Each structure stands twice: as structure tokens, then as C-alpha cells.
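Below is one structure, written out as C-alpha cells; the observations come after it.
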Amino acid sequence: MKIIDFFQANDWEIKKFLKMVALVQFIVLILVFLDFENFMEDFRFYIVRQIVVFVYLTFIPGLVILRILRMHNLGSAKTLCYSVGLSLAIITFLGLFVNTFYPIFRIKPITILPLILTFTIVVFLLCLGAYIRDKDFYREERNIEIILSPKILFLLFLPFLTILGVFILEYYGINFILLTLIIFISFILVFHKSFLNTAILAVWVISLSLLLHNSMVSEYIRLSDNVGEIKFITKVINDGHWNPDYPHHLYTMPAITLLLPIYVIFTNLNVFIVYKIFVPFLYSIVSIVLFLIYNNYTRNNRIAFLAVFFFISFYEFYTWAGITAKVTLSGLFLSLFLLSIFYKENKLISIIFASLIVLSHYGTAYIILFIIIFSYIFAKILKEKNFIINLNLIVFIIIFSIAWYLYTSHGLWFESMINLGSHIITSVFDWIIIPEESYINKVALSKISLSLEILKILIVISGIFLLIGLTGVIIKNRKIDSYELLSLGFVLLLGVLFIGFASGAATPDRIFHLSSYLLSPFVLIGYLSIIGVIKKFIKKFTFETPILIFLIVFLLVNVGFISETLTKDFPGASVVLSKNRLLEKGNLAEKEYIGFIYTTKAEATSIKWLKSYYDANIKVLTDHTGLSKFAYFGFENASVYRQIVHYLEGKQLSYLYISNFNIREKILSSKTLIYSKNLSSDTYLINYAKVCYEIIYSNANSAVYVVKLK
């Protein structure tokens, strides 16, 4: 069975391509109009609208841009990746345009009518440009041959198994299906040779399944920095415009606070659903991009496949990055930027993706800028003339990033990065050996669960493989190419782990994850180098089995499988598989961690009630597990008071919000307890009689009290 390859639409005959774009645009207009006018209220095409609009926004503008740039014969994978990245670019830049000029005419720009009309006009103009620029291109049409083999069906089955597993876990408390999912993923690795001819599909399916198994849990998205993102996305939607002068660094990232509101408005989806499905989907594209990059560098699809597997197995990929839009989008644009420079594509798309890194995450932008400058200087020292990033591009990134953040953030993060650089330099001179306050020192000496001890060892082994691999390649080739020059910059980034806590600017697991974008292949290359030495002494040594065992164990420990099935301890960030066990049998700190990162429906209901009926002149108090939940719903009048019980004993008029964790454990916590050295100083018993509360709202899992004044 053969079908038309949509992901090579940029290679279609121009009239056929434009007819496809016009048809999708027409369907979008009809669906939005029907929904906007409340026609057919009993059946308003919700699912149809969401699917069609998602395809329209995510792929169509990018495909048209590829036609304008005359980028052809890219293959399905690269076309897919570039079309997604360029579509997101068009949405972001168009959002900036309407937000800047429409208020002049007293039009609220970030609302459905101005957006749908503007997008229709822009897509039409882009199509006109594509016809003028690319009307003479012709290539014999290529179709995809759909082979419904058991292998393909098995891969496509995994995301659906993930969704089913999350449903069973949420409603019946059974994690068997999700445990089975992890076993199936391990099965793919064991028999990876059989999947190499569908390697891109395999890495994408695995990455999407891992992302969804974390993001789909709970009706509300798991806590991360997405709390602030959702707050500001909701603000933009409610205000109908984006204010670049708003005094918060998260708000000044239009790739988050303009792009995602536009998706929410166009699709008519709840913002939490966007974070549960759309954001993880975008991050799953990174696995495809990295496979292309790794395969281009190593010329070995097995190493590329295993390197991507290593990258997506690390818990940061699915527990934090995949549900935090600034990390997701900056990571996607970073990977696309690297793809475009390594494949020496049109320089314009490299500039576009570099700009979007700046517009999506302040920290990542400065880190990548530092790495590029370091690599460029090192290339000049080595007299490497073929370094793929030229001075003009570096100057552009410097000017654009500094100008943008000085303008919108009032230089807050520019100042922070300067302070970070000063801190690193000071630390180097003060402590040549690993300093006491460094993350490496803390991890090495801290008491953690057995599962995390195993993970610690696996990461150290990975680091050793990585350094051996990169060093071995450079020595063997007796020269250093662009990939290795940039990799040295990422290795230098890992040095932050040894230099204090980086002033709180970036956590170590994020640094390790970011470094892995380029360094993952060297873990495999380093292992092969070690095996090469061993085989000189042991001729019959099998090199394949140990690395497969290592990668499988790396996955099982990171995802919490080992913790749930064998060690029965705290798995770290990957708590999905162990969530119910920890709530029932975990210690106080572990239960508090679950209460902190997840929001129940009952908790959301009580917060919404309080927001609707509270007196704005009265202080709202909550503990650490409640504060983040308030931020989700734009409630800005709540605060954590560390001596909360003593405050309430003073009989000052205030509300007290009690979360599910507080009710279950009869405890208030002033900060995250999971890493607390002294639980007694960070927790307070709830004493209803002593503090004199009066209940004003209650449901099964949360409550609101008010202090009675006597």
C-alpha cells in the first residue's frame, strides 16, 4: 500500500502543494467559524478542530517557508523537523508583529478573530511567494510504502499503551501496564538491530512514550517551572495582548508567552491539555533531530540509535524538560540550529533557530553563546579553517541576545549571567580541587536511596566513557572537526558541576542533560574504545552485551522501574511508577514531594472557590505544597510563611489553605522536605484547637480555614 508522503510536500509539484495548503486553510476557517458562532452546539467538532488546527499551525507555515527557500530533497525526517521549527518561528514572529501594531488601532491582538484573519492573509502571501520562487521545481512524486509489519505495529502501539497505562494508574492505582511499557522499550533495545531500518520511528516512539507517561499523570500538569509559564500564558490570553515591559523574566520570552497562547486560542484547548500533549510532542521531535545529527557525525546508525536512547533515558528528559515549555522549545530550537549548521543548510534558517533560542530561554541562550564563542576561539588557536559557525553568525547572536534581554528583562538575566561568570572564576581560583559546596561534592557525600546511588554510579561511568570517547577521537584523527570543537565547549559546561551550585542559575541535572545534546555519541564511542583495548587481550570478548545491559539498567533506574520493583525506595524525580506506593508507605519527605508536584482535582476546586470569594485585603497563607498550586490558577495573594503556626497563633486575621498532603499527614511544610537535613525545623503540626481556626470550605482532599479573632 502506497500513500502520498506529506512530509515531503515541499517536493510536490507547486500547484498540487498550493491546493493542499488552501484546502487545510479552508477547513480551519470553517471549523473556527462554526465553533465561534456556536453552531451545532451538541457536536461542535472539538476533536476535528483540534487535530486540523494542530496540523495547520505545526506544519503548514514551515512547509511553505521551505518552498520559498527552495529547500528540496531533504527526506521525510529533515522535512518534518524543519517544517515544525519554521512553523513555530512564523507563529512567534507573527505574534510579535500583531502584538506590536494592532493595539495602535485599538484591536486586542491575541484574540481569535485578529489571529485567524492575520494568519490567513500571511499564509496566502507566503504561498504567493512560494509560487513565484519555486514554481519551476519539479521532481517525480515519491510515495510512502506502508508496510504494516508486526514490528511497525508494535512501535505504533507503544504510545497508546502509555495512555492506557496512565489511565489505569490514575483510576485504579495499578501500574502494571506502565511497567510493561518499560519492559517493551527495553525489548526494543535488546533487539535493536531489527529496528535499525526504522530507527527514526523507533527513537521517536520511545521518546514520546516516555514523555507521555510522565505528562499525562493527574488532571493537572506536574509541577516544574511550568507554574510560572502557565500563569503568564493565562494572563496573556485574559488580557488579549502581551506586555514586554511586564517585570518578570519568564514573561519576556515570546516563544513561550505568545506561541503557546496562540495555540490555546486556535485549538480551543485547556492550557493544561496543551502542556500534557502538545509540549511533550514538540520535545519528542528532538529525538529525531539528534538521530540525524549523530548519524551524520558517526556515519553509523547503530551508534546514533544507542546514543539517542541514552539521551532520552535520562530522567531530566521526561520529568522536567518535556513538561517545561522554555526547556522544551529552547531544546528543540537548539537541536534544529545544530542540525542546520552540521548539514550546512540555508544560513537563514540557522539565524532563525538561533534567534528562537534567545526568545525561548534566557539561560540556554547565554550558555550556548558561551560555548560557541569558546569553540570559535579554540578553532582559531588551532588554525581550523573549516569551523562551521562563522564570525558573522556569532556577532548576530551576541547582539540579538543582549539587545533583547536588556530591552525586555531590563538586563536582569544578563546581570545574573555576569554574576555567574564571576562566581565560577572566583571558585576556580579559590578551590582548584573540588570545592565543598560543589554539586559533585554534595552528591558524592550525601545519603540517598539505593536507587539513586546506582544512578550516581551509572552517571559517573557515562562521564568516564564520554571523556575517553572524545579524547580518543581527537587523538586518533590527529585533528579536530567542528562537531568535536563544539563538544569541547559542552564538556567545559559540565565543569559547572565541580564549581559550586552555579549561583542557582541552572541545576546540575539540567546541565548534564543540555551537555548530552552533543556528547551522547561519545559515551558509545568511549565504550567501544575500551572494548578495543580489552579485545587485544581477550579475543573472544563480546562487546555488544555489556553496553546493552548498561543502557537497559540506565533506563530502568532513571525511569524508577528498579525502585518500584526491586529496591522499594525513593526513585528521585521519576515518581510516576511509585506514586501510589510512596503515598501509602513512603516517609514524610517522600509524601510531601508527591503532594508538592501533583495537584488533585479537589485541591484545584478549593483554590478556585477561594479565588472567587476571598477578601483581597486578608492575607492567604499556605504551606510549600499549596503555594505552587495557587500559582497555576493565577492566585497571586498567597504566600508561604516559614513560621506559619506562630503567625497564626498571633491571631492575625488570615485565611489558611490546607492541601491534600496537609490533611493526610497533619503537617505544614515550609519548604521541600525531600532534601531537608532537619525535618523538625521545616514542618509544623496542625493544631486546630490551639490556633482557633474556623472552617469556611472543605472537600475530600483540601480545605480553607480562617483565623478566629478573639
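For first residues located in segment 578-601 and farther than 13 Å from Arg664 by Cβ, partners that are open to solvent by 40 Å² or more (accessible area, probe 1.4 Å) and assigned to a helix (DSSP H, G or I) and lie 6+ apart or on another chain with Cβ distances below 6 Å do not occur.
Tallying residues that are farther than 18 Å from Leu466 by Cβ and open to solvent by less than 10 Å² (accessible area, probe 1.4 Å) within segment 292-325 yields 7.
Assessment of segment 361-380 against the conditions (more than 20 Å from Leu518 (Cα to Cα) and surrounded by fewer than 22 Cβ atoms within 10 Å (Cβ to Cβ)) yields at least one matching residue.
In the condition set (1) among the β-branched types (Val, Ile, Thr); (2) open to solvent by 20 Å² or more (accessible area, probe 1.4 Å); (3) within 20 Å of the chain's Cα centre (by Cα), Thr100 is compliant with all but (3). Residue count for segment 468-486 satisfying the condition of being open to solvent by 20 Å² or more (accessible area, probe 1.4 Å) and either under 26 Å from the mean Cα position of the chain (by Cα) or among the polar types (S, T, N, Q) (or both): 2. Filtering segment 566-596 to residues that are at pLDDT 90 or above, under 24 Å from the mean Cα position of the chain (by Cα) and on the phi > 0 side of the Ramachandran plot leaves nothing. In this structure, Arg142 does not satisfy being open to solvent by 50 Å² or more (accessible area, probe 1.4 Å) and modelled with pLDDT of 90 or more. Considering only residues in segment 493-537 that are among the β-branched types (Val, Ile, Thr), over 29 Å from Tyr283 (Cα atoms) and open to solvent by 20 Å² or more (accessible area, probe 1.4 Å), the one that is modelled with the lowest pLDDT turns out to be Ile499. Selection within segment 597-612: residues that are open to solvent by 10 Å² or more (accessible area, probe 1.4 Å) and of a type in the set (D, E, K, R). The member of this set that is farthest from the chain's Cα centre (by Cα) is Lys611.
Please verify whether Leu356 is at pLDDT 95 or above, under 30 Å from Val559 (Cα atoms) and either open to solvent by less than 30 Å² (accessible area, probe 1.4 Å) or charged (D, E, K, R) (or both), treating the condition exactly as stated. Break it down stepwise before answering.
Working: at pLDDT 95 or above: yes; under 30 Å from Val559 (Cα atoms): no; either open to solvent by less than 30 Å² (accessible area, probe 1.4 Å) or charged (D, E, K, R) (or both): yes.
In short, no.
Checking each residue in segment 579-614 for being of a type in the set (Gly, Ala, Ser) and touching a helix residue (DSSP H, G or I) at 6+ places or on another chain (Cβ under 9 Å) picks out Gly586, Ala589, Gly595, Ala602, Ala604. Residue by residue through segment 538-549, note down the ones that are open to solvent by 80 Å² or more (accessible area, probe 1.4 Å) and at pLDDT 75 or above. Scanning segment 538-549 gives a single hit, Ile549.
On the given criteria, is Leu201 open to solvent by 10 Å² or more (accessible area, probe 1.4 Å) and not in a loop (DSSP other than H, G, I, E, B)? When the stated conditions are applied, Leu201 passes them.
Would you tally the residues in segment 684-705 being at pLDDT 70 or above and under 22 Å from Thr600 (Cβ atoms)?
Residues meeting the conditions: 11.
Screening Ser669 on (1) open to solvent by less than 10 Å² (accessible area, probe 1.4 Å); (2) modelled with pLDDT under 80; (3) small (Gly, Ala, Ser); (4) within 27 Å of the chain's Cα centre (by Cα) shows it passes everything except condition (4).
Residues of segment 304-346 that are of a type in the set (Ser, Thr, Tyr), part of a helix (DSSP H, G or I) and closer than 17 Å to Ile285 by Cβ: Tyr318, Thr328, Ser330, Ser335, Ser340.
Yes or no, residue by residue, for (1) closer than 19 Å to Leu29 by Cα; (2) open to solvent by 20 Å² or more (accessible area, probe 1.4 Å); (3) part of a helix (DSSP H, G or I); (4) touching a residue at least 40 places away in the same chain (Cβ under 8 Å):
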position: Val64; (1), (2), (3), (4): yes, no, yes, yes
position: Ser83; (1), (2), (3), (4): no, no, yes, yes
position: Ser87; (1), (2), (3), (4): yes, no, yes, no
position: Gly95; (1), (2), (3), (4): yes, no, yes, yes
position: Pro109; (1), (2), (3), (4): yes, no, no, yes
position: Ile116; (1), (2), (3), (4): yes, no, yes, yes
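For the residues Gly228, Gly173, Gly240, the requirement of being in contact (Cβ under 8 Å) with a residue 40 or more places away in the chain and surrounded by fewer than 17 Cβ atoms within 10 Å (Cβ to Cβ) singles out Gly173.
Does segment 258-275 hold any residues that are among the polar types (S, T, N, Q) and more than 23 Å from Thr319 (Cβ to Cβ), and which are they?
Within segment 258-275, the first condition is being among the polar types (S, T, N, Q), and the residues that meet it are 267-268, 270.
Selection gives Thr267, Asn268.
Total residues in segment 613-629 satisfying the condition of being farther than 25 Å from Asp225 by Cα and in a helix (DSSP H, G or I): the figure is 1. Selection of segment 213-252 for residues being in contact with a Leu (Cβ under 8 Å, 6 or more places away or on another chain) and part of a loop (DSSP other than H, G, I, E, B) yields Val217, Asp225, Trp242.
The values are calculated or read from the model by the stated rules, or taken from the named source; none is laboratory data. This is a predicted model, so every value here is computed, not measured. Positions of Cβ are backbone-derived with ideal geometry, glycine not excepted, and every protein chain shown enters the neighbour counts. Accessible surface is based on the protein model in full, side chains and every heavy atom, while ligands, DNA and RNA are left aside. Shrake-Rupley method; radii C 1.70, N 1.55, O 1.52, S 1.80 Å.
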